[in-house]
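Undergrad: Starting off with a structure, shown below.
The values are calculated or read from the model by the stated rules, or taken from the named source; none is laboratory data. Predicted model, so just to flag it, every value in this text is computed and none were measured. Cβ placement follows ideal geometry from the backbone for every residue including glycine, while neighbour counts extend to all protein chains displayed.
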Amino acid sequence: MSLSSRHLLQLEGVPKEDLEQILDTAESFREVLDRPIKKVPPLRGKTVLNLFYEPSTRTRISFELAEKRLSADTISFSKAVSSVKKGETLKDTVRNIEAMKIDMVVVRHGSPGVPYYLTQCLEANIINAGDGTHEHPTQGLLDIFTIRQKHKKVAGLRVLLVGDISHSRVARSNIQGLKTLGASVAVCGPSTLLPYQVERLGVDAYTNIDEAMEGVDVINILRIQLERQKAGLFPSQREYSNLFGITGERLKHLNPNFTIMHPGPMNRGVEITNEVADGPESVILDQVTNGQAVRMAVLYLLSGADKTETETLQSE
């Protein structure tokens, strides 16, 4: 039970077989989360470092819980309270990590490529928890897992990503993973928030939300990064909400049994209304729970844990 790579740096280029193995393994760990005792032993004796150079709530907590529920020893690093504040470089930090005999590193960094750099410096397995505007592979995987859980398939579905596509690592991971698994992907947002020649990613691009929503099965609504407003990329929150906000009225364009998603944190009243966020079609909280199962699966598969031991614990 292992993946074709020792690391998870992105979803671009990851074989379909690997993606399906992660999703199938996550199904087993999702059942573990419903047990009274939510802890299993596959990572007992392994040490995992959470190396976060950027602020994070959901992703960091989700990884920490996933590690502890797999019985790993965990260490958390925060830039704000580390020697980085004293001038220590990333290279020196990495050398210290190596000397501590860490088995796995979960890293989030503002610069694209840092997770790859760590693979050149460490023997540990590296998991990308978000690098700049590049990718956020476990978020993409948990979104896809949630879609498959709801619709019982991914291939053949029409998925729409709405919002700041240009700056979104979540969008890039979703696009790569969904396409590999056979979904049709569209993106929609102001032209200033769409990447140059976005169609090269193999998606349909729209700047009219009502046209984009026609015949869609899943809408994944991305957070509008309000700091981008200061750069003049859209006039105001009110205008964005009027032109691109997902409202109850706009849901009529979607296929029956549609799904509403959001990776969080949400700006209620800007990109999504309360009635949509809290409506029966919303799986936003399911995404949070499923994130633990998917990250447990990734940690387990990369660790090379014994298959027999895991099959035993899952049948207990």
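Undergrad: Considering only segment 117-176, state which residues are farther than 30 Å from Lys91 by Cβ and under 10 Å from the mean Cα position of the chain (by Cα).
TA: Leu142, Asp143, Ile144, Ala171, Asn174 - these are the residues of segment 117-176 that are farther than 30 Å from Lys91 by Cβ and under 10 Å from the mean Cα position of the chain (by Cα).
Undergrad: Residue pairs, Cβ under 6 Å, 6 or more apart or interchain, first in segment 141-152 and in contact (Cβ under 8 Å) with a residue 60 or more places away in the chain, second among the acidic types (Asp, Glu) and assigned to a helix (DSSP H, G or I). List them.
TA: Thr146/Asp286
Undergrad: Quickly run through segment 170-226 and pick out the residues that are of a type in the set (Phe, Trp, Tyr) and under 21 Å from His262 (Cβ atoms).
TA: Of segment 170-226, the ones of a type in the set (Phe, Trp, Tyr) are 196, 206.
Within segment 170-226, Tyr206 is the sole residue that qualifies.
Undergrad: Output the residue which, of all residues in segment 1-34 that are of a type in the set (Ser, Thr, Tyr) and part of a loop (DSSP other than H, G, I, E, B), is farthest from Lys179 (Cα to Cα). Give the steps one after another, and end with the answer.
TA: Start the filter on segment 1-34 by keeping residues that are of a type in the set (Ser, Thr, Tyr), which leaves 2, 4-5, 25, 28.
If we keep only those that are part of a loop (DSSP other than H, G, I, E, B) too, we end up with 2, 4-5.
Numbers: Ser2: 22, Ser4: 19, Ser5: 20 Å.
Looking at the filtered set, the residue picked out is Ser2.
Undergrad: Could you check how many residues of segment 270-284 are surrounded by fewer than 17 Cβ atoms within 10 Å (Cβ to Cβ), in contact with a strand residue (DSSP E or B) (Cβ under 9 Å, 6 or more places away or on another chain) and in contact (Cβ under 8 Å) with a residue 24 or more places away in the chain?
TA: Start the filter on segment 270-284 by keeping residues that are surrounded by fewer than 17 Cβ atoms within 10 Å (Cβ to Cβ), which leaves 274-275, 278-281.
Narrowing further to those that are in contact with a strand residue (DSSP E or B) (Cβ under 9 Å, 6 or more places away or on another chain): 274, 279, 281.
Now restrict to residues that are in contact (Cβ under 8 Å) with a residue 24 or more places away in the chain: 279, 281.
Total meeting the criteria: 2.
Undergrad: Search segment 258-269 for residues that are without any contact (Cβ under 8 Å) to a residue 60 or more places away in the chain and under 17 Å from Val170 (Cα atoms) and pair each with any residue that is assigned to a loop (DSSP other than H, G, I, E, B) and of a type in the set (Lys, Arg) when their beta-carbon atoms are under 8 Å apart and the residues are at least 6 apart or on different chains.
TA: Once the first residue is without any contact (Cβ under 8 Å) to a residue 60 or more places away in the chain and under 17 Å from Val170 (Cα atoms) and sits in segment 258-269, its partners that are assigned to a loop (DSSP other than H, G, I, E, B) and of a type in the set (Lys, Arg) give His262/Arg223; Met266/Arg223; Asn267/Arg223.
Undergrad: Does Asp103 satisfy being more than 26 Å from Arg223 (Cβ to Cβ), touching a residue at least 12 places away in the same chain (Cβ under 8 Å) and of a type outside the set (A, V, I, L, M, F, W, C)? Reasoning before the result, please.
TA: Details: more than 26 Å from Arg223 (Cβ to Cβ): yes; touching a residue at least 12 places away in the same chain (Cβ under 8 Å): yes; of a type outside the set (A, V, I, L, M, F, W, C): yes.
It is true that Asp103 is more than 26 Å from Arg223 (Cβ to Cβ), touching a residue at least 12 places away in the same chain (Cβ under 8 Å) and of a type outside the set (A, V, I, L, M, F, W, C).
Undergrad: I'd like the full set of residues that are part of a loop (DSSP other than H, G, I, E, B) and either touching a strand residue (DSSP E or B) at 6+ places or on another chain (Cβ under 8 Å) or without any contact (Cβ under 8 Å) to a residue 12 or more places away in the chain (or both), limited to segment 46-70. Spell out the reasoning first.
TA: Step one: filter segment 46-70 for residues part of a loop (DSSP other than H, G, I, E, B), giving 46, 53-57, 70.
Answer for segment 46-70, where residues must be part of a loop (DSSP other than H, G, I, E, B) and either touching a strand residue (DSSP E or B) at 6+ places or on another chain (Cβ under 8 Å) or without any contact (Cβ under 8 Å) to a residue 12 or more places away in the chain (or both): Lys46, Tyr53, Glu54, Pro55, Ser56.
Undergrad: Residue pairs, Cβ under 6 Å, 6 or more apart or interchain, first in segment 228-241 and modelled with pLDDT of 75 or more, second not in a helix (DSSP H, G or I). List them.
TA: Phe234/Pro190; Gln237/Val270; Tyr240/Phe234; Ser241/Val270
Undergrad: A follow-up question, please. Would you be able to say whether some residue in segment 187-203 is farther than 30 Å from Ala99 by Cα, at pLDDT 95 or above and polar (S, T, N, Q)?
TA: No, because not a single residue in segment 187-203 is farther than 30 Å from Ala99 by Cα, at pLDDT 95 or above and polar (S, T, N, Q).
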